Amino acid sequence: MSHGTDWAADPDFQYLAVDRKKLMKETQPFDGKKSCWVPDAKEGFVRAEIQSTKGEEVTVKIDVSNDVKTFKKDDVQQVNPPKFEMTDDMANMTYLNEASVLHNLRQRYFSGFIYTYSGLFCVAVNPYRRLPIYLDSIIGKYRGKRKLEMPPHLFSVADNAYQYMLQDRENQSMLITGESGAGKTENTKKVIMYFAKVAAQLQKLTEEEKAQQESHKKQQRGTLEDQIIQANPVLEAYGNAKTTRNNNSSRFGKFIRIHFGPTGKIAGADIEFYLLEKSRVTFQQPAERNYHIFYQLLSPACPKYHELCLVSPDPGLYSFINQGVLTVDGIDDVEEMKITDEAFDILGFTNEEKTSMFKCTAAILHFGEMKFKQRPREEQAEPDGTAEAEKVSFLLGINAGDLIKGLLKPKIKVGNEFVTQGRNKDQVVYSVSALAKSLYNRMFDWLVKRVNKTLDTKAKRNYFIGVLDIAGFEIFDFNSFEQLCINYTNERLQQFFNHHMFILEQEEYKKEGIQWEFIDFGMDLQATIDLIEKCWNRI
């Protein structure tokens, strides 16, 4: 792809634009009829040169090792001409085979280019480091530019959605999908940041609008654009955790709508969430961690909350959060707690609302320390000390005696009457765990609604751009029912996405007159969906 400007000469584009002149000098010529890709156990595919072909077998010499090997004809794939080396858009390649796609992505990634187009799609490969490709200066350069004018970037996709919205007067949606750890949440944040900054700079405000904005800032301690961005630290604190694959994994799906007025200025936002992983609240695998907020709250960042929440600043003391690891590489709980605390303020939470959230969070820690014992020769449990129950009750503003009674001898509705049911120790422990998970889920639900209240301005809304960040796949040796539901939802979503997007992609091929046998990619996942649905029907 050729751009109107030599972006490779721009220092801002060091990790975005390939220096094609330099690359072509370094690229080795090859024989298009003999060069090929062959499977390799370690590298996936390696380059080779065809020596001879006999029936369905091809003998090749591997470029790197000079080994001579024989492969089935179907396993040998063609190599693209040198001009497509590290191409910006893989849809332009002569041979769009698996080996060529992987090679292109790998070579770009090794050179620091994490974004690559594939037709209508933008492929991002997580660099696991901070790259200077989200600066305000770069935002300015992508703003209002057509896709083909610029090197691949998430900002280009975002800006195109924004321009299409204004031009066609239609809502737009962006789906950010990939397995756990792919970088979905980080890219979602960058998309929102882009919209917030571009819309904020759109045009000069009238005196009336300036007065409204100043009034909003005084009431809410931040501009609307600031608040949309600051929703992230709060939601991540309560909704993200370390998993085996990802140190900052979103354990919920979210759909964020950014609303715009008639001229393209941001007019508000709202968030919907899906499938919060409640089981994590009381159980973690050895290499994992509970939700970040627990460790942030117990960090030395804000000692005033320790006294308020009746907690000791040591996560190792609490059984609901000490089953896995207590710290995470690259995450400073002290710094993150300060960011979370400040984000609450910028979002306009009152001090009472903020401290209530922290009290409920701490109550869950104390739930995990409540102890019970079995009465001899009876199917009835009793408390083994009441100190933790009293802490929970104080933090939640309820009566300790009523809490203990409700756990040990709950009232159950039978017909039209309520009867008292005795519980044994195992049942009570299960009830405490269920209560803790339910409390956390309702807390998170309230948190999202409260954030939405802040982001709901009275400004006129004409269109929105929706950003969906949900499909993070996790496969464990043992998959809980909750994990099964999450994976099922992801499979369904991926099927819908594939069916819709690949039809659009293939329509583009038709327009360009490319010979193409139509494929319904949406059916790739049908076998998995059928399996889960059959199991569901049996339950």
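Every number here is computed from the coordinates shown, using simple stated rules; none is lab data. Just so it is clear, the model here is predicted, and its values are computed rather than measured. Note: ideal-geometry Cβ built from the backbone for every residue, glycine included; neighbour counts use all protein chains shown.
Numbers for the structure displayed
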{"item": "Efficiency of FRET between residue 53 and residue 377 - r from beta-carbon atoms, R0 60 angstrom, step 0.05", "result": "0.15"}
{"item": "Tail beyond 15 Å, pair distance distribution of segment 342-399 (Cα, percent)", "result": "59"}
{"item": "Percent of C-alpha pairs per 10 Å bin, segment 44-124, short to long", "result": "17, 43, 28, 12, 0"}
{"item": "The chain: relative contact order in percent, alpha carbon pairs under 8 Å with at least 6 residues between", "result": "13"}
{"item": "FRET efficiency, 1/(1 + (r/R0)^6) with R0 22 Å, evaluated for residue 109 and residue 9 via beta carbons", "result": "0.50"}
{"item": "Two-site label geometry, residue 414 and residue 166: point separation in nm, points 7 Å out along Cα→Cβ", "result": "6.9"}
{"item": "Crossing angle, helix 526-538 versus the chain [Cα axis fit, 0-90 degrees, rounded to tens]", "result": "20"}
{"item": "Local net charge near residue 367, Cβ-Cβ under 12 Å (Lys/Arg +1, Asp/Glu -1)", "result": "+1"}
{"item": "Estimated dipole of the chain in Debye, rounded to 20 [Cβ of Lys and Arg +1, of Asp and Glu -1, Cα centre]", "result": "740"}
{"item": "Global form of segment 407-506, assessed from the alpha-carbon gyration tensor, a/c cut-off 1.5", "result": "oblate"}
{"item": "Antiparallel bridge percentage (DSSP; both residues within the chain; nearest 5)", "result": "90"}
{"item": "Pairwise label distance in nanometres, residue 135 with residue 69, each label 7 Å out on the Cα-Cβ vector", "result": "4.4"}
{"item": "Projected-area mean, the chain, by convex hull of Cα positions, square nanometres", "result": "33.5"}
{"item": "Angle in degrees between helix 224-239 and the longest Cα principal axis of the chain, rounded to the nearest 10", "result": "70"}
{"item": "Relative contact order (%) - segment 372-499, alpha-carbon pairs under 8 angstrom, separation at least six", "result": "16"}
{"item": "Relative counts (whole %) of C-alpha pair distances in segment 1-87, using bins that are 5 Å wide", "result": "3, 12, 20, 18, 13, 11, 10, 7, 4, 2, 0"}
{"item": "Modelled FRET efficiency - R0 30 Å, residue 34 with residue 528, Cβ distances, 0.05 increments", "result": "0.15"}
{"item": "Nearest-ten-degree value, helix 351-367 long axis tilted from longest Cα axis of the chain", "result": "80"}
{"item": "Whole-number percent relative contact order across segment 1-68, with pairs defined as alpha carbons under 8 Å at least 6 apart", "result": "16"}
{"item": "Positive-end extreme of charge dipole, the chain - chosen from 160, 282, 374 (charges on Cβ)", "result": "374"}
{"item": "Helical contribution to [θ] at 222 nm, DSSP H n ≥ 4, -39,500 (n - 2.57), averaged over the chain, rounded to 500", "result": "-13500 deg cm²/dmol"}
{"item": "Stretch gain in nm, segment residue 319-residue 456, where the contour uses 0.36 nm per residue and the Cα spacing is subtracted", "result": "45.4 nm"}
{"item": "Calculated log₁₀ intensity ratio I(q)/I(0) where the Debye formula runs over C-alpha points of segment 232-347, q = 0.12, 0.16 Å⁻¹", "result": "-0.49, -0.79"}
{"item": "Summed residue charge, Cβ within 14 Å of residue 36's Cβ, Lys/Arg positive, Asp/Glu negative", "result": "-1"}
{"item": "Local electrostatic count at residue 120 - Lys and Arg +1, Asp and Glu -1, tallied over other residues with Cβ under 12 Å", "result": "-3"}
